[in-house]
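Where a number appears in this text, it was derived from the coordinates with a stated rule and is not lab data. Values in this document were obtained by computation on a predicted structure and should not be read as measured data. Note: ideal-geometry Cβ built from the backbone for every residue, glycine included; neighbour counts use all protein chains shown.
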């Protein structure tokens, strides 16, 4: 086969049938977004709760992650991994965000008034601030329920297996 490239697209021409060109097109894979470049808005509820536990409640990294629902084995690395995100660090540093400032904004939002009718409350805005406050304070039940798995192992000897077979035979005779 002969290969000809037209505008960056390789075209293969079959020497047996040159009137019938075949196009070979491969879509380029999208580059994956690095974990550090993912914005704060894309954090999971557990990640946000771990940050709240760490910076608002003053817990240690491992304790904050465990309280947010992470397994003990991975809890130590959760907060450092989240804080590696450039977007979070840049935003916090740029706006001088503190937990007090966040709490003040949410508190003011709970008393929001309608922008077109200042004498009436803005129920939509208040509902959003209530939802955000409830998420930060973890007033919602967990989405995943952790269940303990219990495993029972039974080891049978040859005599036990013969007894079980005899029991099954007796059961069949009695039923039939």
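How would you rank 82, 102, 152, 164, going from fewest to most other Cβ atoms within 10 Å of each one's own Cβ?
Ranked by crowding around the Cβ, least crowded first: 152, 164, 102, 82.
Please compute P(r) over all alpha-carbon pairs of segment 41-176, binned at 10 Å starting from zero, and give each bin as a whole-number percent.
10, 25, 22, 12, 8, 9, 8, 6, 1
By count of other Cβ within 10 Å, fewest leading, how are 120, 92 ordered?
Least crowded to most crowded, the residues run 120, 92.
Please rank 95, 114, fewest neighbouring Cβ atoms within 10 Å first, as an exposure proxy.
The fewest-first ordering by Cβ neighbours comes to 95, 114.
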